[in-house]
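The values are calculated or read from the model by the stated rules, or taken from the named source; none is laboratory data. Given the structure is predicted, the values throughout are model-derived calculations rather than measurements. Note that each Cβ is placed from the backbone with ideal geometry, even for glycine, and that neighbours are counted across all protein chains shown.
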Amino acid sequence: MTTSNPPYANPWTNKVIKCQDCGLKKLCFPKNLAAAEIQALEAIITRSQSYSKGDCLYHAGDLLTDLIIIKSGSAKTERVAETGAAQIVSFHLAGDLLGLDSLSKRKAVSSVTFLENSCVCVIPYPAFNALSEAAPQLQEEIISRLCEEIANSHNLMLAMNNYTADQRVAVFLQELSCRQHSRGLSKELLHLSMSRNEIASYLGLAPATVSRALSKFERDGFLQVANKHLQITDYQALVNLALACPECALAAAT
């Protein structure tokens, strides 16, 4: 179920929230924009939209006309291989942009489904392109986000080809922790909006393997698991196991 609201309104309270007042402004486009450019960006946000858990934002092959930014909640991107097997290729949190992999052709190359009740901001491509010409920082941000997606894809391939099952799960948890921390949330207390099956699909593992890894980490004193909630009790031990990126290791030390 989806509902439409006034531009940049909170769909659950219908309260209008401007970009400059948004708690995600450091993760979203406005972080590098001047005040006048932020106002121009606000002017082209046509609406906010709310989605329920399980709603599909778009399917592979759909025509895309808007740039989507998650305001709250989370989503997954899924692709279907030539063999017909579906695999989750990314998870998205608040502040993330959706549809970047389809930006050039304006046709979705993957499907996006919401993992929980979520809110998004909708920006039409034509209006965004026009604004980008006047504010080159927007184009630079898009390029930066695309580079991040490519780097994340390469890191996932590296993990799947070279890491053990335990290391893959550790890398996933550490990356999720870092992403939560960048949003002002605790890096030790994680909310898993995705299921064990979805984590397994993302990591190229069997669901039972993911469950065994989490149980092992709990026995080893790394973390405590309670359904969708997870507490990391020994962050450095998780970092050491993950052999993660320098950025995550730095975040773990702060």
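Numbers at a glance
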read-out	value
Residue satisfying condition, being over 20 Å from His59 (Cα atoms), aliphatic (A, V, I, L, M) and without any contact (Cβ under 8 Å) to a residue 40 or more places away in the chain, within set Leu158, Leu131	Leu158
Which numbered condition Ala43 misses (of (1) in a loop (DSSP other than H, G, I, E, B); (2) at pLDDT 80 or above; (3) over 21 Å from Glu149 (Cα atoms))	(1)
Number of positions in segment 183-198 that are within 13 Å of Leu230 (Cβ to Cβ) and touching a strand residue (DSSP E or B) at 6+ places or on another chain (Cβ under 7 Å)	7
Among the candidates Ser74, Ser144, residue that is of a type in the set (Ser, Thr, Tyr), within 30 Å of Leu190 (Cα to Cα) and out of contact with any strand residue (DSSP E or B) (no Cβ under 6 Å at 6 or more places or on another chain)	Ser144
Residue that is surrounded by the most Cβ atoms within 10 Å (Cβ to Cβ), among those in segment 154-182 that are farther than 18 Å from Ser211 by Cα and touching a strand residue (DSSP E or B) at 6+ places or on another chain (Cβ under 7 Å)	Ser177
Residue within segment 108-129 that is at pLDDT below 90, among the small types (Gly, Ala, Ser) and in a strand (DSSP E or B) present	no
Sole residue being surrounded by 14 or more Cβ atoms within 10 Å (Cβ to Cβ) and either at pLDDT 85 or above or among the charged types (D, E, K, R) (or both), chosen from Gly95, Gly61, Gly54	Gly95
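Residue by residue, here is whether (1) in the same structural domain as Leu203 (by TED's automatic domain parsing); (2) within 19 Å of Ile199 (Cβ to Cβ); (3) in contact with a Gly (Cβ under 8 Å, 6 or more places away or on another chain) holds:
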{"site": "Cys28", "(1), (2), (3)": "no, no, yes"}
{"site": "Ala36", "(1), (2), (3)": "no, no, no"}
{"site": "Gln39", "(1), (2), (3)": "no, no, no"}
{"site": "Ile68", "(1), (2), (3)": "no, no, yes"}
{"site": "Ser72", "(1), (2), (3)": "no, no, no"}
{"site": "Ala81", "(1), (2), (3)": "no, yes, no"}
{"site": "Leu100", "(1), (2), (3)": "no, no, no"}
